Structure formats: C-alpha cells, structure tokens
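Inspection log for the structure reproduced underneath, given as structure tokens.
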Amino acid sequence: MAGRWIEQWDPEDETFWKERGERIARRNLYFSVLSEHIGFSIWSLWSVMVLFMGPEYGVDPAGKFFLIATATLVGAVIRVPYTFAVARFGGRNWTVFSALMLLLPTGAAFAVMEPGTSYGTFLAVAALTGVGGGNFASSMTNINSFFPLRRKGWALGLNAGGGNIGVPVVQLVGLLVIGLAGAAQPRIVLGVYIPLIVLSALCAALFMDNLAPVKNDTGAAKEAAGDPHTWIMSFLYIGTFGSFIGYSFAFGLVLQTQFGRTPLQAASLTFIGPLLGSLIRPVGGSLADRFGGARITLWTFAAMAAATVAVILASVSESLPVFLAGFIALFILSGLGNGSTYKMIPGIFQAKALAGGMTGEAAEAYGRRLSGASMGLIGAVGALGGLAINLAFRQSFLTAGTGTGAFVAFLVCYAVCCAVTWAVYLRKPARTAGTAATTETKPQLSYAEV
C-alpha cells in the first residue's frame, strides 16, 4: 500500500492553505468521517445486540452490561497503538486497513448471534468490536495534522461528531430490524454493515492522502505523557466522552432493566440521545474556537451536574418522562463538552510554548507536535470513562436493582470536573500553560483562551 503521499504540508501558511491546503484537508476530513462513523457503529454494536438477547439466550442484565463494558475496554486500550499507526503507515493507508479490520468482529457476530452460544463466545466477540473504538484515535490524529490551529476546533469537532453519529445510526438500524423483522433477527443488522465496511475502505483508498511530514516522535510522546496537562485533559475527557460513550452503550439496557421497556420500546428511544450528542459536538468545537474551550467546558460540566440531579430524582420517583429528558440533556451536554475539550488540547500546548518564549512558527510547531502525541492517550483514557459507567451501572443494578447509585457517583464526578476546570484553566489571575502570566515581555495565551 504505497499510497498517495504529500511531501510538503504547512497548513499555518495562509497562502498555501487558500491555494491548495484547504481543499485537500476537507477531502480527507470527509472520508475520514465516513470511516470513523462505521467504526463507531461497530464499536457500539453490542449496545444493539443485547436488545435482541431475550430469555432464550440465558444472559442476565449484569451479564449484558459486562458484554458492552468489554467492548468499551478494548476500544479504549487499542486507541494508543492506533494513534501511532498513522505516522508509521500513513493516514490513508491506515484508514484503509483499520476499516477492513471491522469485518472481523462483524463477521464473527454474524456467525455466533443465536441462542445456545456460550457466554464466553459472546464475550470474545464483543471484545473484537473494540477495534472500532481504535478508529477514533487514528482518525483524530490524522485530521489534526491536516488543519491549522485556528480551524482545529471545527475540524476535530466535525470529524468526531460525524464518527459519533455511528452510535445512533446502528441503534436506528437495530430499531428498524426489530420493528420490521422482529427481535429474533439480529443477523440482519450485521448484514447491513458488511458492505458498508467495504465501501468505507474503498473510499479511503481512492480519495485520502498520506502526509509524509507526519512522523512518530517518541520524544514528543514521552514529553506529552510526562506533562500534567495531558492527564488533566484525560480526566476531563473522561467526564465528557466517557459519559457519551458509556451512556450510549447502556441507555437501552437501562430502559429495559429499570423501566421494563420491551426491545422495540427501548430501541425506539435509545438512538435519540446519542444522535443529538453527536450532532452538537461540532458546535462545541466552534463555540470553543470563539469563546475559549475552558469556558465552554466549565459551563458544560455545571449543566451536566444539574441534568444528573434531575435523572436521580426521576430514578427515585420512577418518572420515565423526566428520566428521558434528563438523560437526553446529558447526551447533548456531553457532545458539547467533547468538542470543547478536544479544542483545548492543541491550544494548551501552544500556550505552553508561548509561555516558554517561543514565537510564531516555532510555537505552532510545538503545539502540533505535543497535541498530536497526547491525543491518543487522552482519547484512550477518556474512553475508559465509558467502561467505568457500564461497570457502575452493573454494580448498581446488582446491589439495588436500579441505576440511582450509579447516577449519584456520576454527579460527584461532574462536580470534581467543574472544580478542576476552574482551578487549572480559569482561576484568576489568568495563568498560562506551564507558568503564571507575570511578564509582558513574552507572548502569552491564557488558559481561558485555549
């Protein structure tokens, strides 16, 4: 796969960007979205498959939560090697390969999805779907290299949002299958996705590019791993993306288990929250471009805490309408936060460069270098939040029969995220990455602006 290689790439050069760069970057963005979209659908496949698993499958609610938690875990861990694969093999080449890899879990699920299959087999096949979660890391790392800093919030938000929509789309497919063919036909869902996987790989091969200047930088990876901001942003991303993916995987099962919804009733509601959360993610990135990612992130966490209080009250009073309203609000807010937190990452490292005395191209290059190295790690740790959410639901239903205890834990998490965002990035006097803003002789960029 020698592929198509672009030898020179400088998106920060406005002349280059207007004459050539923007057109190429947009083309790669659109087909990256397609591949990542299919990847998210396959990663979240078991949030749909469990709706088809009636009593004849012999799997209780706790076992179903563990199936989707396994998919979440593998998808989170695999993000780290997928991040470095882009520079090693080329963004186009790796997109083709990672798309074709989705045939493995889809084909395996097609083969085993029937009553009588052992739980261990279901667990292994659910683990395979984790390769779809890895697509996010490689796609975001690739697109991050194509766009200038001033457009990263929009580009990364659109790329991630278009990918996130894969979650509600596969759930809609599941709804249609249950509604038209019944809850005994899960293989139809899988049959729909096999040709789509092949199509996404073909489009990537025909229309995407590799960037030769993008190289794996082990020094940058080590520096990013040792920078406290990488871990702070990982924690905040647990609160936003971890919430989005964890709730997306668990929503239908919570409706079935706590509110007694049938598979069709659950499927008819499950897709709404993930769809709205996915659509609004680019808005979060755009708002962060305009007002600063830290400000948008702070208010997002505050609103998520308020929505969680509503969900807790609805869970205790068994009010399904209020529960749905609060849960859907959580999806929308997590989508906004996903966009704003990812916008913060390149800005933080450029701010650190400016605080250290770098200017112009040197500061921009440092920001690109460190943000690209940190994104895979941040994305992986953030996705582990989805694992925590599914395990929290599993434990809450095992011990109390409801999800109320899990939601109380989530409320505490959002309160801590609020405090961290304010203390590190917005507390006055404005501080810059790595140092306080105590001198006017160096170019400065406050945390509130990232």
Within region 87-146, what whole-number % of the accessible surface is contributed by carbon and sulfur, with the 1.4 Å probe and all protein chains included in the calculation? 71 percent
HN-Hα J couplings of region 178-189 from phi, Karplus 6.51/-1.76/1.60, θ = phi - 60°, integer Hz, Gly and Pro as x? 4, x, 9, 10, x, 7, 10, 10, x, 5, 5, 4
Give, in nm to one decimal, the length gained when the segment between Leu123 and Lys215 is fully stretched (0.36 nm per residue of separation minus the Cα-Cα distance). 29.5 nm
Region 269-390 accessible area per residue, 1.4 Å probe, protein heavy atoms, integer Å², reads 31 Å²
Using a 1.4 Å probe on the protein chains only, how many percent of the accessible area of region 265-422 belongs to carbon and sulfur? 72 percent
What helix-only [θ] at 222 nm does the chain give? Using -39500 (n - 2.57) per DSSP H run of at least 4, over all residues, to the nearest 500, the answer is -25500 deg cm²/dmol
Cross-link reach from Lys343 to aspartates and glutamates, straight Cα distance under 15 Å and at least 8 residues apart if same chain, gives Asp289, Glu364, Glu449
In degrees rounded to 10, the 0-90 angle between helix 61-77 Cα long axis and the longest Cα principal axis of the chain is 20 degrees
Out of residues 5 or more away from Asn210 or on other chains, whose amide H comes under 5 Å of its own, with H placed 1.01 Å from N in the peptide plane? Arg4, Trp5, Ile6, Arg92
Could you state the per residue volume, in Å³, of the convex hull enclosing the Cα atoms of region 250-378? 116 Å³
Quick check: the angle from helix 79-89's long axis to the longest principal axis of the chain, C-alpha only, nearest 10 degrees? 50 degrees
A student applying the Cα gyration tensor rule (rounded when a/c is under 1.5; otherwise prolate if a/b is larger than b/c, oblate if not) would label the chain oblate
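Quick one: dipole size for the chain, taken about the Cα centre, charges +1 on Lys/Arg Cβ and -1 on Asp/Glu Cβ, in debye to the nearest 20. Mind showing how you got there, number by number?
Values: 29 positive and 21 negative charges, 72 e Å.
Approximately 340 debye in magnitude.
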Looking at Ala111, Leu211, Phe393, which one has the Cα that reaches farthest to the positive end of the dipole of the chain (charges on Cβ: Lys, Arg +1; Asp, Glu -1)? Leu211
Could you give the angle, 0 to 90 degrees to the nearest 10, between helix 293-317's Cα long axis and the longest principal axis of the Cα atoms of the chain? 20 degrees
Could you list the residues of region 201-223 with an amide nitrogen less than 18 Å from a label point located 7 Å from the Cα of Arg151 in the Cα-to-C-beta direction? 208-214
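The values are calculated or read from the model by the stated rules, or taken from the named source; none is laboratory data. Small disclaimer: the values here were computed from a predicted structure and weren't measured. With ideal geometry, Cβ positions are generated from the backbone for all residues, glycine too; neighbour counts draw on all protein chains shown. In case anyone asks, the SASA skips ligands and DNA or RNA and just uses the protein heavy atoms, side chains included. Shrake-Rupley method; radii C 1.70, N 1.55, O 1.52, S 1.80 Å.
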